[in-house]
Protein chains: 2
Amino acid sequence: MPSYTAPVKDLQFVLHEVLKASASDISGYSELEPDFTAAVLEEAGKICSDVLAPLNAVGDKEGCSLENGVVRVPTGFKEAFDQVREGGWTGLDMPEEYGGQNMPYVLGTAVGEMFSASNQAFTMYQGLTHGAASAILAHGTDAQKETFLPKMVSCEWTGTMNLTEPHCGTDLGLMRTKAEPQDDGSFKLSGQKIFISSGEHEMADNIIHLVLAKIPGGPDGIKGVSLFIVPKFIVNEDGSLGARNGVSCGALEEKMGIHGNSTCVMNYDEATGYLLGTEHKGMRAMFTMMNEARIGVGMQGVAQAEAAYQNAVVYAKDRLQGRDVTGVKNPDGPADPLIVHPDVRRMLMDQKSFVEGARAFILWGSSLIDAAHRANDKDADGLISLMTPVIKGFLTDVGYAMTVEAQQVYGGHGYIEEWGMSQFTRDARIAMIYEGANGVQALDLVGRKLAQDGGKHVMAFFEMIKSYCAEQKDVEGMEPFIEPLKKASKDLQAAGMFFMQNGMKNPNAALAGSTDFMHMMGHVCLGLMWARMARASLDALASSPADAAFYETKLATGRYYMARRLPATALHLARIESGADTVMALSEDQF
Amino acid sequence: MPSYTAPVKDLQFVLHEVLKASASDISGYSELEPDFTAAVLEEAGKICSDVLAPLNAVGDKEGCSLENGVVRVPTGFKEAFDQVREGGWTGLDMPEEYGGQNMPYVLGTAVGEMFSASNQAFTMYQGLTHGAASAILAHGTDAQKETFLPKMVSCEWTGTMNLTEPHCGTDLGLMRTKAEPQDDGSFKLSGQKIFISSGEHEMADNIIHLVLAKIPGGPDGIKGVSLFIVPKFIVNEDGSLGARNGVSCGALEEKMGIHGNSTCVMNYDEATGYLLGTEHKGMRAMFTMMNEARIGVGMQGVAQAEAAYQNAVVYAKDRLQGRDVTGVKNPDGPADPLIVHPDVRRMLMDQKSFVEGARAFILWGSSLIDAAHRANDKDADGLISLMTPVIKGFLTDVGYAMTVEAQQVYGGHGYIEEWGMSQFTRDARIAMIYEGANGVQALDLVGRKLAQDGGKHVMAFFEMIKSYCAEQKDVEGMEPFIEPLKKASKDLQAAGMFFMQNGMKNPNAALAGSTDFMHMMGHVCLGLMWARMARASLDALASSPADAAFYETKLATGRYYMARRLPATALHLARIESGADTVMALSEDQF
């Protein structure tokens, strides 16, 4: 069975040596001293390694079951959820007035990576609750906040997000769920929602569903969608639980992975709901949480890759098979370990260099979220808005591919469920789909974000790289980082230029290259992260630290990324510059 | 539930318009007239679409079960197997004297694609039998052939291949299964084999296991391995079945996919076995079938991609979501079909251009096998030996990626088992692993095949492309094919040159680029195939055929491959030329 070790030192390295968190003047960052974050991360790491990781395979094997409307979760999940609640892990970045600890989002993300890596299906119960609570925090009335938030921050009550219907996922304007206004100001919701993660279960006293629905008579399409709070049990004025509401789980979906999470068909039959935010502005309310939710999903992709990588390394060192062609490495054994073979190294280095670069990217992105929210930094807000589809789409595409490579290291055993590598792949697959399929992320990036605010944010990003390269180019040891980064950034700018010159006449000329652009930008961001990590490592090495090997490893891993992964930008550029003609050449009936 | 339509017209196009099969003077090819092959393919297509495809999801859901040593296969498999036997599909390319039809291998491959695409887990029962029968045909005594082949060609008896043991897969020299010689010339085999596909089931009267084992006192390692025939039931002299042999299924593996095939742990406890071929030359006997077996697995990767693609197209045309940004396409509906969106097109074109190019590659490769075996063509033999790891490794890597893209077209529904897209992905995953994991294919290509016969075969391949390009470059309409092919071929040659210049000093400099080289070569082969298909299409169009749209579609699909996929060679070259330093930089404990 796979194991999981919390990567505390790597997280600390990014937080303190790369992002220099505690030196930032963002509110709350001064508390992020290395000792403090280390204590938090180690404590979180313990519950992840000791409690959640051992339940990962259990959840996969048992799955959830529905009997008479009651959803049973896998063995051990309820007890583990109690431990997570008791540890105070559910409200790390939530306001203190509702029982949270008001920590910066960046620390919540660092902890979140470990939770996702150790047990993604389990972590979704609290993850969805966090999303729903954030929506209530941002758009609820004071009364709604007081009623729902304390219980949701502690996860005594969990939350869900209800968007998709059988006939509409991405295109929510087609939605049919109706919300009829009642005399008392509440609404009666009727309709069916599908793919509702954590939609029903017995681990919490109440479940607070956030539901998108249309108020009859409102505008057509997406402009007539409103957001509602629909509790499983009506909450009385004194906070006690009243009658069961008209919402129920009609079926559980059988999925490729994340079996431990209950993915429900939810039926709303005149269920009582309360408007959250403004009538017909439901999509806007959802969108305010979109950046965080999408960064969270990007992080899931990386987390699965990290967990899979850790186990691939163990196997590659342990399994004896074949001999090193350059000379026997294990003369006393019947064969050398797999890790001596260059192609096995290639797979491990792909994974390692991706995961570490991606982790820095996500934490940097999270610090931009903090800058936007806690320091009202408009530039940070624009930049993270631009980066969000890249974090979600690129990191989950590549994160998935890395779980496949980790599985490959195991050879035949990678295909056998008992060894657990298949689960990482199957669980990681969902991250490419939910919270906006990756094609939609690419469309958001190229169709919307590039041109946002007159293209200001993408220009700022290019400028940031340019000035970083100028600043670092003469630093000894940075050359293997700066030259490739400049080249990749030039490719990215050329792609942007191609879109500008061709997209006006024919939007498809840009959209046909949208996924390639998203990947290019992801590579450039990881290249920038590796350059920054390299610089931090060089700085650390200058003072001859005791753990020099840690920094040498970082430099070597980064050089791999720059030499082997970053050159992908040229291929993406070539595809983009081939335009839309070959992509759109066929008529529908030619397929 | 997914459906499957046999791609008869596409197969016919490759067989007749590209390969011009019936004009070849390879023995048996003159019978491959278009009407004849069309009849065979259509008949095979019917059983695949009507009988096997509907059982694909059944097999996935039910899997196999083991009770008291008896393995039960999924509902309907036994009846379907009877139909396949009755149809004579099991011995298409086997000799007539053993009940086969003596058709060329190329036709067997064309039919095989359809069987694999419609139900891979099912098709493996006959596929393994075919492999075992081929080994007996090549290495058996006359008595062994007479005893086993007629029943195996008809699949009344099925076969298995037993190589892997718990502690050794790729490195078979570590094998522990023992074969003790008996006075009567037979052997007693004892040991455990794992991952034995179709190892035990009740669909056949007998199961003929081919087992690699060591005769005590023989040479160490791989040079002391012999091959044995171990029947489940001893076959009496009169051909009737005697006592149950000492071989049994100890357990079934739970796998990521191919649930309908019984993957067994096989225990040999003084089981009676008969030497097949020469003592201690078991590996050589296995290797004679390796090319066919690996081409067969490459074909499985393509077949799963084809089946997944077919269903992705149906969904993309059917599902209404969003609007075409260049103008509404379905004004009477609530939204446009997915297929209007450029990024959905990109995914479909990736799949279509891969599958069609790969199909041509496999059939071309199969025709080389025929030339080698039926016409004793040494050049063809050398060329297919070079191509085999590419067909196996490249086509299953990309075939898998294409099933993932097909799944992605479905959005959330792609993750739900009920829709069937997850199964294509899960089933395709094994093809990257078995019959030599793809890293081993890359090693075989770069470490062995490139230098085989003094590099003669790779030089012949380069020369073939060069002269093809020279011959076609001025043909009107060929320019979008020839220029990219020349460029890609130049990249491939540069990579070969890099290996020559650096691999002598340091083998790792070549091996670190082995997977990249395998992919480069795969792209070049598909580029060549597309050029040849384009030329065949241009020729056909010159005579203003009734089905001009078919040829126009081929040309447009090929142009997509050349513009969007083939440029990957430059990235692979860049990775290769970065050498082994970054790949091998870390010591084991730095991982």
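Annotations for the structure displayed:
- Helix-only [θ]222 nm of chain B, DSSP H runs n ≥ 4, -39500 (n - 2.57) each, per residue, nearest 500: -17000 deg cm²/dmol
- Each other copy places its own label point for B:ASP332 at 8.0 nm from this one, sorted shortest first, where the point lies 7 Å along the Cα-to-beta carbon line.
- Across region B:83-93, rounded Karplus estimates of 3J(HN,Hα) from the backbone phi angles (6.51 cos²θ - 1.76 cosθ + 1.60, θ = phi - 60°) give 5, 5, 4, 4, x, x, 7, 8, x, 3, 9 Hz, Gly and Pro being marked x.
- Among the cysteines of chain A, those whose beta-carbon sits 4.7 Å or more from every other cysteine beta-carbon are A:CYS48, A:CYS64, A:CYS155, A:CYS168, A:CYS469, A:CYS525.
- Taking the label point 7 Å along Cα→Cβ, B:MET464 and its counterparts in the other copies are spaced 5.0 nm apart, in ascending order.
- Of the GluC sites (Glu not before Pro) found in region B:443-518, the ones in coil according to DSSP and having at most 10 other Cβ atoms within 10 Å of their Cβ are B:GLU476.
- Sparsely packed loop sites in region B:212-294 (the GluC sites (Glu not before Pro) outside DSSP H, G, I, E and B with at most 16 other Cβ atoms within 10 Å) comprise B:GLU237, B:GLU254, B:GLU279.
- Other protein chain C-beta atoms within 10 Å of residue C-beta, averaged over B:316-328: 4.
- Packing, taken as the mean count of other beta carbons within 10 Å per residue, orders the peptides A:12-23, B:298-309 from highest to lowest as B:298-309, A:12-23.
- Euclidean distance between Cα centres, region A:40-82 to region B:13-40, Å: 59
- Region A:372-429 and region A:199-220 have Cα centres lying 28 Å from one another.
- Distance between region A:277-298 and region A:311-343 - C-alpha centres, whole angstrom: 49
- Within the protein assembly as shown, percent of DSSP bridges classed antiparallel, to nearest 5: 80
- When the listed pairs A:LYS255/B:LYS61; B:LYS20/B:LYS554; A:LYS329/B:LYS178 are checked against a 19 Å cut-off, the alpha-carbon distance exceeds it for A:LYS329/B:LYS178.
- For chain A, the calculated P(r), taken from all Cα-Cα distances in 20 Å bins from zero up to the bin holding the longest distance, is 20, 54, 25, 2, 0 percent.
- Too-long pairs where the Cα-Cα distance tops 27 Å, listed order kept, from B:LYS78/B:LYS193; B:LYS193/B:LYS449; B:LYS9/B:LYS392; A:LYS392/A:LYS490; B:LYS456/B:LYS490: B:LYS193/B:LYS449
- Partner chain coverage, peptide B:422-431 - average Cβ within 10 angstrom: 3
- The mean count of C-beta atoms from other chains within 10 Å of the C-beta of residues in A:411-420, rounded to a whole number, is 6.
- Size of charge dipole - the protein assembly as shown - debye, nearest 20, with Cβ of Lys, Arg +1 and Asp, Glu -1, no other charges: 2220
- Working ranking of peptides A:506-514, A:427-435 by packing, defined as the average number of other Cβ atoms within 10 Å per residue, highest first, is A:427-435, A:506-514.
- Placing +1 on the Cβ of every Lys and Arg and -1 on the Cβ of every Asp and Glu, with no other charges, gives region B:8-139 a dipole of roughly 400 debye about its Cα centre.
- When only alpha carbons of region B:373-432 are considered, Rg and Dmax amount to 16.9, 52 Å.
- With its label point defined 7 Å out from Cα along the Cα-to-Cβ axis, A:GLU588 lies at 6.0 nm from the matching points of the other copies, in increasing order.
- In order along region A:253-261, phi translates into HN-Hα couplings of 7, 8, 10, 5, x, 5, 5, x, 9 Hz, rounded to whole numbers, per the Karplus curve 6.51 cos²θ - 1.76 cosθ + 1.60 with θ = phi - 60° and x for Gly and Pro.
- Degrees separating the helix B:142-153 axis from the principal Cα axis of chain B, which is the longest one: 50
- Peptide ranges A:404-411, A:145-152 listed from the most packed, as the mean C-beta count within 10 angstrom indicates: A:404-411, A:145-152
- In a simple Cβ point-charge model (Lys, Arg +1; Asp, Glu -1; nothing else charged), region B:324-436 has a dipole of about 160 debye relative to its Cα centre.
- Charge dipole (the protein assembly as shown, unit charges on Cβ, about Cα centre) - positive-most of B:VAL71, A:LEU107, A:SER22: A:SER22
- Residue and distance (whole Å) for the chain A Cβ nearest the axis that superposes A on B: A:LEU571, 2
Here, each number is a calculation from the coordinates, and none is a lab measurement. Treat the numbers as computed from the prediction; the structure is a model and nothing was measured. So basically every Cβ, Gly included, is an ideal-geometry build from the backbone, and we count neighbours across all protein chains shown.
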